[in-house]
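Okay, so here's the structure we're looking at.
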Amino acid sequence: MDFEINGLNAREILDSRGNPTVEVECSLINGISARASVPSGASTGSREAVELRDNEEGRYSGKGVQKAVELINTEITEHFYGANVRDQSWIDNQLIQLDGTPDKSRLGANAILGVSLATARAAATAVQLPLYQYIGGISANLLPVPCLNIMNGGVHSRWQGADFQEYMIAPYGADTFIDAMRWASEIYHALRAVLLEKGHHVGVGDEGGFAPQVGSNREPLELMIAGIEKTGLKPGKDVGLCIDPASSEFYKDGKYHLRTEKRSLTAEAMTDYYRELIDAFPIILLEDGLAEDDWEGWTVLNDALGDRVEIVGDDIFVTNVEYIARGIEQEAANSALIKLNQIGTLTETVDAVHLCHSCGWGAFVSHRSGETMDTFIADLTVALGTGHMKTGAPCRGERIEKYNQLMRIEEELGDMAEYAGKDAFVRPVEW
Ligand SMILES: C=C(OP(=O)(O)O)C(=O)O
Ligand SMILES: [Mg+2]
C-alpha cells in the first residue's frame, strides 16, 4: 500500500532562543517524506505534558534533546514501521500507550509531538492535499484574525519591561488576512517611531515585541494606541487589543505582585484592575488574567468580565480536555488557548478545540515563545476554523513564517477564503 511508514528520522536542531529542540522526518515506502519540528515554552503551565531534556552532563548544559531523538530513531521507529500514516488517531493513541505515563514524560512530549506532526504532514503530502485541507476538509476556509504581540514583558523580556507578558493588536476591521497583516506591520513600525520619540529603547523580547522599561502595565496600552493612531487607523473600530499577563509568573502566596507598579493585588483587585483597563482601552481578549491554580479567582473574573471580553485560559487548561471540561463546569472562562506541545499530539489538540466549540467557547491557537520555522499552527488554525490565533510580532523569521503561510493559504483559497474579522471573538466587538 502507498501509505506505509518506512521510517522516522529525528535530529536535534535549535529553536529561536538558541535552545535545542526536536525535528522529525517521516518517510513512506512510496518515497514521500515530510518534516516537523517542536516548539518550547518559557512561561509554561505546571500541568503541561513534559519535554524530555538530557541530563546536565550532556551538551547544551542540560537542555539537549539527544535522548528524545534516540527514542524516536529506535523504539518509536520500530513500532511504527509499516503502519498506515493516514490513521492519525491510531498513531497518536499508540504514542500515548507506548509512552505509558500520564504526562508523556517517558518518551517526552517533544518526541511524541514531533512524530505526531511529521506523520500528519507526510499523510497530507501522500494524498496531495494542503495540510489545512487534509486536517479540516473541504470547508476549511476561515482565515484567522492575527493577534500580534507587539509589546513584550514578563519572563519573555527577562523582566526588563512590563509585568504583563504580552500586548497584542487584533486588526479585525480589515477585509482580508493580507490587509490585516499590512496594517499590523504598519502599526509595528509606527510603534517603533513612537517609542523612539519618547526616548524608549526598541530592543525586542522573545516573540519580537518591543520591551521598553515602562512604569506600569497600563503604559504599553497607551503606547500601542499612539502607534495605531499614527497609522491613521482607528483603535477599537479597525484594531482591537488583547493582553496575556501570564499572571502565574507573578503570583505568589495568594497575591499578584506587580513589580513595575510596586504593589501586590488579590484576585478581586486584579479583576478590578482589568475592568479599569477594559473601560479605558478597546481590549477584546484577556488571557491568563489569573494564575493556573487560582480556580476560584477565575470564576470571579469570568463572572465580572466574561460577558464583555474573551477570557482565555492558557496555563490553567494546558490544552487538556480534562481541565477545559472542569473550566466549562465551573464557568471559569469562555475560551481556551490551544498549544500543540502542551498536550503532545495532534489528535488530542483537535479534541480540545472541538470541546471548546461544542460549548460555545473560543479556541485561540498559539505559538510558543521558543519557536522554529515550522508553520503547522497556521494550517491548523484554518483547518479548525478557530478564527483567531497568535504567533508573535510581525518581525523575527520564526513568527513571520507562520503569518506568511496564512497569506499563502488565503491566496490559494482565492474567492473561497473568508476573513474572520469582527466575528472572530467570543464576545462581540462593540466599536
Ligand atoms: C506563548 C506563551 O508563552 P510560552 O510559550 O513561553 O508559554 C503564552 O504564555 O501564551
Ligand atoms: Mg499565555
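Where a number appears in this text, it was derived from the coordinates with a stated rule and is not lab data. Quick caveat: nothing in here was measured; it's all calculated off a predicted structure. Cβ sites come from the backbone with ideal geometry, for glycine too, and all protein chains shown count toward neighbours.
Using a cut-off of 12 Å between beta-carbons, work out the net charge of the residues near Thr260 (Lys and Arg +1, Asp and Glu -1, Thr260 not included).
Its environment carries a net charge of +1.
What percentages make up the Cα-Cα pair-distance distribution of region 224-351 when the bins are 10 Å wide from 0?
12, 39, 32, 15, 1
Starting from the Cα-Cα distance between Arg263 and Gln160, subtract it from 0.36 nm times their residue separation and give me the gain in nm to one decimal.
Details: separation 103, 0.36 × 103 = 37.08 nm, distance 1.71 nm.
Result for the pair: 35.4 nm of gain on full extension.
Can you give the alpha-carbon Rg of region 150-205 over 2.2 N^0.38 Å, where N counts its residues?
Numbers: Rg = 12.9 Å, N = 56, 2.2 N^0.38 = 10.2 Å.
Ratio of Cα Rg to 2.2 N^0.38 Å: 1.27.
For region 68-148, compute Rh as the Kirkwood radius over C-alpha pairs and then the Stokes-Einstein diffusion coefficient at 37 °C and 0.692 mPa s; write the answer in µm²/s, rounded to an integer. Before the final figure, lay out the partial values.
On the way: Rh = 14.1 Å.
Approximately 234 µm²/s, per Stokes-Einstein.
In nanometres, what is the gap between the two model label sites at Asp415 and His201, each 7 Å from Cα along Cα-to-Cβ?
5.4
Greater than 27 Å separation of Cα atoms is the criterion. Which listed pairs, Lys390/Lys422; Lys104/Lys255; Lys252/Lys422; Lys237/Lys390; Lys234/Lys390; Lys262/Lys422, meet it?
Numbers: Lys390/Lys422 16 Å; Lys104/Lys255 32 Å; Lys252/Lys422 36 Å; Lys237/Lys390 20 Å; Lys234/Lys390 21 Å; Lys262/Lys422 36 Å.
Beyond 27 Å: Lys104/Lys255; Lys252/Lys422; Lys262/Lys422.
For region 14-30, take each phi angle, set θ = phi - 60°, evaluate the Karplus expression 6.51 cos²θ - 1.76 cosθ + 1.60, and give the result in whole Hz per residue in order, putting x for glycine and proline.
9, 9, 5, 9, x, 9, x, 8, 9, 10, 10, 10, 10, 10, 9, 4, 7
Roughly how big is region 18-176's charge dipole about its Cα centre, with Cβ charges of +1 (Lys, Arg) and -1 (Asp, Glu), in debye to the nearest 20? Walk me through the numbers before you get to the answer.
Numbers: 11 positive and 17 negative charges, 32 e Å.
Its charge dipole is roughly 160 debye.
Enter the Cα centre distance for the pair region 72-120 and region 4-71, rounded to the nearest angstrom.
12
If you bin every alpha carbon distance in region 1-145 into 10 Å steps from zero, what whole percent lands in each bin?
Histogramming region 1-145 at 10 Å steps yields 12, 39, 33, 14, 1, 0 percent.
Evaluate region 309-354: find the radius of gyration of its Cα atoms, find its Kirkwood radius, and give the ratio Rg to Rh.
On the way: Rg = 9.7 Å, Rh = 10.3 Å.
Looking at region 309-354, the ratio lands at 0.94.
If you count, for each residue, the other Cβ atoms within 10 Å and average over each peptide, how do 77-88, 308-319, 210-221 line up from highest to lowest? Walk me through the numbers on the way to the answer.
Numbers: 77-88: 16.8, 308-319: 25.9, 210-221: 20.2.
Highest mean packing first, the order is 308-319, 210-221, 77-88.
What are the extents of the Cα atoms of region 1-60 along their three principal axes, listed from largest to smallest and rounded to whole Å?
43, 27, 20
Filter the trypsin sites (Lys or Arg not before Pro) in region 7-60 to those in DSSP coil with at most 13 other Cβ atoms within 10 Å of their Cβ, and list the result. Before the final figure, lay out each step's value.
Numbers: sites: Arg11, Arg17, Arg35, Arg47, Arg53, Arg59; in loops: Arg17, Arg47, Arg53, Arg59.
Hits after loop and neighbour filter: Arg59.
Using Stokes-Einstein with the Kirkwood hydrodynamic radius over Cα pairs, what translational diffusion coefficient do you get for the chain at 20 °C and a viscosity of 1.002 mPa s, in µm²/s rounded to a whole number? List each step's numbers first, then the result.
Working: Rh = 21.7 Å.
Translational D for this selection: 99 µm²/s.
Could you give the dipole magnitude of the chain about its Cα centre, charging the beta-carbon of Lys and Arg +1 and that of Asp and Glu -1, in debye to the nearest 20?
On the way: 37 positive and 66 negative charges, 197 e Å.
Taking the Cα centre of the chain as origin, the dipole is about 940 debye.
Bin by bin, in steps of 5 Å, what percent of the Cα pairs in region 19-88 do you find, going until the bin that has the longest distance?
Each 5 Å bin holds this share of Cα pairs: 3, 13, 20, 22, 18, 12, 8, 4, 0.
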